[in-house]
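Asker: A single structure is presented below for examination.
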Amino acid sequence: MMIAERHRGFYTIEELQIGDRVPSILVRRGGKCQPAIIYIHGAFLWKEYDLGLILRFADRGLTVLSIDAVQHGKRAPFVAREYKELFRSSEENFARTETSIFTETAKDIPEIIDYLQANEGIESIGIVGYSMGGFIALVAATLDKRIEAAVSFGAGGDWRYLFERSSFPKLMGFKETRRQTVDEIAHLVSEWDPLNRVHAMPPCAVLLLNGERDNVVPKECAERLHEAAKPHYREFPEKLCLREYPCGHEVTRAMEREAARWLTRNL
């Protein structure tokens, strides 16, 4: 369902509700174009937050559908972007909350692809995400073979390592004494961690872009996923790539350009 449509210079931005629970914006430059990417933001953000990046992808001839992740944006009550309930649950158990968001949002992706194909006439579809959104994108790439390309900025696999080593709880000011271990959700981590699902990724073209100095999502998360995926990409090694950049937990313009080239080549 289209809620609103507005024009921003050369861009058309439509506000959509996909199904009964996925608020989205559809961004394109000029008329309808193919292919399309689904974009997913980082933690404690929302679908319009990375609009500059989204518009630059549109400049490359891509239709971009940016969604609110579970418990984010219009999918969670908040005041002045203060995610009080999300903060509380994350502080009580960071691993449990993030795992839930990763998996539940990834489960929405097949319905979103259905929408793009049925309503926009788009056949070639990729997925891109930053940080939390990158983890979601990688899970989604194991769920739906219609995803032809996936790009993650600052994400990867080995969620146990992530939850044990990430500086995110400290940066957010969580009370470390209330942060429980990942052991109590070990079954969920085992089932949904991309590290354990790499067999389901091919033939999706997967690009991992990470910062060498990232302490929010340590680069080892991407390195371990890349190594685990290699045997499954023996027939098409050109569809699996890891690039590390001299930066922290961020998306640099060089990363953007690499992502755009990857999507152009594989969609």
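Asker: Inside segment 198-227, can you point out the residues that are surrounded by fewer than 23 Cβ atoms within 10 Å (Cβ to Cβ) and within 16 Å of the chain's Cα centre (by Cα)?
Answerer: Passing the criteria: only Val216.
Asker: Further question: Which one of these does Gly173 not meet: (1) of a type outside the set (D, E, K, R); (2) at pLDDT 95 or above; (3) on the phi > 0 side of the Ramachandran plot?
Answerer: Here Gly173 meets the rest and fails (2).
Asker: I need a count of the residues in segment 31-41 that are modelled with pLDDT under 95 and touching a helix residue (DSSP H, G or I) at 6+ places or on another chain (Cβ under 9 Å).
Answerer: 4
Asker: Given Gly154, Gly248, which one is crowded, with 20+ Cβ neighbours inside 10 Å and within 16 Å of Gly42 (Cα to Cα)?
Answerer: Within the list Gly154, Gly248, the selection yields Gly154.
Asker: Here's another thing I want to ask about it. Working only within segment 85-106, note down all residues that are over 13 Å from the mean Cα position of the chain (by Cα), charged (D, E, K, R) and modelled with pLDDT of 80 or more.
Answerer: Once the filter is applied, which keeps residues that are over 13 Å from the mean Cα position of the chain (by Cα), charged (D, E, K, R) and modelled with pLDDT of 80 or more, segment 85-106 yields only Arg96.
Asker: I would also like to ask the following. Taking the condition of being assigned to a strand (DSSP E or B) and more than 18 Å from the chain's Cα centre (by Cα), how many residues in segment 228-267 meet it?
Answerer: Count: 1.
The values are calculated or read from the model by the stated rules, or taken from the named source; none is laboratory data. What you see is a predicted model; the values in this text were computed from it and never measured. Glycine also receives a Cβ, built like all others from the backbone with ideal geometry; neighbour counts cover every protein chain displayed.
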